[in-house]
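In what follows, a single structure is set out as structure tokens and then discussed.
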Amino acid sequence: MVESKEISTKIENLRGYLYQLIGQNTSLIEKEVVMVSQELDKILNEYNVIINKKIA
């Protein structure tokens, strides 16, 4: 339970940071935007695995 809350917090923080970066940059292919987006995808996948294990 704690692990999913920690990952959920990371997701929200990264999502907020990504929105901030997108607001500052005119291009979605800026290096930092892409890197943060990829990190967010990775953490979302980890979260999905945890949730699916709890359901199964």
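Per-structure values
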item: Accessible area per residue in Å² at 1.4 Å probe, computed on the chain; result: 79 Å²
item: Angle in degrees between helix 31-55 and the longest Cα principal axis of the chain, rounded to the nearest 10; result: 10 degrees
item: Nearest-ten-degree value, helix 2-24 long axis tilted from longest Cα axis of the chain; result: 10 degrees
item: Radius 14 Å from Cβ of G23, net charge of other residues (Lys, Arg +1; Asp, Glu -1); result: -1
item: Net dipole in debye of the chain [+1 Lys, Arg Cβ; -1 Asp, Glu Cβ; about Cα centre; nearest 20]; result: 200 debye
item: Estimated 222 nm signal from helices in the chain, with DSSP H stretches of n ≥ 4 weighted -39500 (n - 2.57), rounded to 500; result: -30000 deg cm²/dmol
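The values are calculated or read from the model by the stated rules, or taken from the named source; none is laboratory data. Because the structure is predicted, anything quoted here is derived from the model rather than measured. All Cβ positions, glycine included, derive from the backbone under ideal geometry; neighbour counts span all protein chains shown. These accessible areas exclude ligands, DNA and RNA; they are computed on the full protein's heavy atoms, side chains included. Shrake-Rupley method; radii C 1.70, N 1.55, O 1.52, S 1.80 Å.
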